[in-house]
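S.K.: Below you'll find the structure I mean.
The values are calculated or read from the model by the stated rules, or taken from the named source; none is laboratory data. Because the structure is a prediction, the values reported are computed rather than measured. Cβ placement follows ideal geometry from the backbone for every residue including glycine, while neighbour counts extend to all protein chains displayed.
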Amino acid sequence: MNNLKEKLIGNGFFLIALSTLSVLALITVFILIEGVPIIAKVGLFNFIFGMKWAPSQGSFGIFPMIVGSVSVTAGAAILGVPTAICCSIFLTEFAPPAVSKIVRPAIQLLAGIPSVVYGFWGLTFIVPFIRNYLGGPGLSVLAGSVILAIMILPTIVSISEVSILALPRQYKEGSLALGATHWQTVRSVLLPAAKSGITTSVILGMGRAIGETMAVIMVLGNAVALPKSILDPARTLTTNIGIEMGYASGEHQQALFATGIVLLAIIMLLNSAAQIIVQRRKD
């Protein structure tokens, strides 16, 4: 009887996992069916590296938007990753318990704030600050990078913190016993030992950043052109889909689905890299 219950429970979990994979497969197939025809017509190279996006004129080049996505994500990494790693080190090694009880939930709360709220806050504070003190229109790559840097903090901090806490106590105790200071132990022992987990957190954070839409729409400026500096407006792959899908039809709609294919491929590569890093750590 117990064996039968275990088998039923195991089969139930298997069906749940299979349903999740089935949903992913259906979404992927649907996007491919809708987007592949326009890629075949325009050509993969012309679609990805084309400089002009004018669907009404039959031009479907998304390279400026790829550059915009990479620029904003890179900016978010430059601003957010060091901050997140420093926060995780502080929470695990230096923060008093009373401070940790306040800071940790506050950082985790950032993950629950709707992206439109981040966008509204950026539009109200970040954009005017950039326009008044740095120049340009304010709606820019820098504004998007700042917003995304804040949005990826919970992901990187949480996973990095778990990676550091999961290390054997002997690492820290052995280093301190050999005469190293607390900071030397953190810098030379704990961080290298937790490198795989921290790298995974960064990759997942980048996946979160490159897939963000609403907040970026509000602060980026959405200009379909190559940004020449961080103060220039730009458009990302996600914002292009979000802005134009509501009224697109025919080849225009197919081109947006094809943009989704490129975006899906980028995110899958990032997730695969994270899985490979985790697997190497286990081995």
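S.K.: Let me confirm something: among Gln184, Gln254, which residue is modelled with pLDDT of 90 or more, in the same structural domain as Ile66 (by TED's automatic domain parsing), loosely packed, with under 14 Cβ neighbours inside 10 Å and not aliphatic (A, V, I, L, M)? Don't jump to the end; show me each part of the working.
M.R.: Numbers: Gln254 fails: loosely packed, with under 14 Cβ neighbours inside 10 Å.
Of Gln184, Gln254, the one residue that is modelled with pLDDT of 90 or more, in the same structural domain as Ile66 (by TED's automatic domain parsing), loosely packed, with under 14 Cβ neighbours inside 10 Å and not aliphatic (A, V, I, L, M) is Gln184.
S.K.: Going residue by residue through the range 66-85, is there one that turns out to be part of a helix (DSSP H, G or I) and more than 23 Å from the chain's Cα centre (by Cα)?
M.R.: Quick first cut of the range 66-85, residues part of a helix (DSSP H, G or I) only: 66-85.
Subset that is more than 23 Å from the chain's Cα centre (by Cα): none.
There is no residue in the range 66-85 that is part of a helix (DSSP H, G or I) and more than 23 Å from the chain's Cα centre (by Cα).
S.K.: In the range 122-136, which residues are in contact with a helix residue (DSSP H, G or I) (Cβ under 8 Å, 6 or more places away or on another chain) and either at pLDDT below 90 or of a type in the set (Phe, Trp, Tyr) (or both)? Steps first, please.
M.R.: Initial filter on the range 122-136 (in contact with a helix residue (DSSP H, G or I) (Cβ under 8 Å, 6 or more places away or on another chain)): 122-123, 126-127, 130, 134, 136.
The answer is Gly136, and nothing else.
S.K.: Exactly one condition in (1) in a helix (DSSP H, G or I); (2) surrounded by fewer than 15 Cβ atoms within 10 Å (Cβ to Cβ); (3) not β-branched (Val, Ile, Thr) is false for Met51; which is it?
M.R.: (1)
S.K.: Just to verify a result, which residue in the range 226-256, among those that are assigned to a loop (DSSP other than H, G, I, E, B) and either in contact with a Gly (Cβ under 7 Å, 6 or more places away or on another chain) or of a type in the set (D, E, K, R) (or both), is nearest to Ile266 (Cα to Cα)?
M.R.: So in the range 226-256, the residues assigned to a loop (DSSP other than H, G, I, E, B) come out as 226-233, 235-236, 245-250.
Imposing the further condition that a residue be either in contact with a Gly (Cβ under 7 Å, 6 or more places away or on another chain) or of a type in the set (D, E, K, R) (or both) reduces the set to 227-228, 230-233, 235-236.
Values: Pro227: 20, Lys228: 23, Ile230: 22, Leu231: 25, Asp232: 24, Pro233: 22, Arg235: 17, Thr236: 13 Å.
Here the residue is Thr236.
S.K.: If Phe125 passes every condition in (1) surrounded by fewer than 16 Cβ atoms within 10 Å (Cβ to Cβ); (2) over 22 Å from Met214 (Cβ atoms); (3) not polar (S, T, N, Q) but one, which one does it miss?
M.R.: Against the list (1) surrounded by fewer than 16 Cβ atoms within 10 Å (Cβ to Cβ); (2) over 22 Å from Met214 (Cβ atoms); (3) not polar (S, T, N, Q), Phe125 comes up short only on (2).
S.K.: Filter the range 164-208 down to residues that are assigned to a loop (DSSP other than H, G, I, E, B) and touching a residue at least 12 places away in the same chain (Cβ under 8 Å), then give me how many there are. Walk me through how you get there before you give the answer.
M.R.: Step one: filter the range 164-208 for residues assigned to a loop (DSSP other than H, G, I, E, B), giving 166-168, 178-181, 194.
Narrowing further to those that are touching a residue at least 12 places away in the same chain (Cβ under 8 Å): 166-167, 194.
So the count comes out to 3.
S.K.: Hey, another quick one. For the range 209-225, how many residues meet the condition of being surrounded by 20 or more Cβ atoms within 10 Å (Cβ to Cβ) and under 23 Å from Leu269 (Cα atoms)?
M.R.: Of the residues in the range 209-225, 4 are surrounded by 20 or more Cβ atoms within 10 Å (Cβ to Cβ) and under 23 Å from Leu269 (Cα atoms).
S.K.: Does Ile78 satisfy being of a type outside the set (Lys, Arg), in contact (Cβ under 8 Å) with a residue 60 or more places away in the chain and surrounded by 16 or more Cβ atoms within 10 Å (Cβ to Cβ)? Can you show your working first?
M.R.: Numbers: of a type outside the set (Lys, Arg): yes; in contact (Cβ under 8 Å) with a residue 60 or more places away in the chain: yes; surrounded by 16 or more Cβ atoms within 10 Å (Cβ to Cβ): no.
No, not satisfied.
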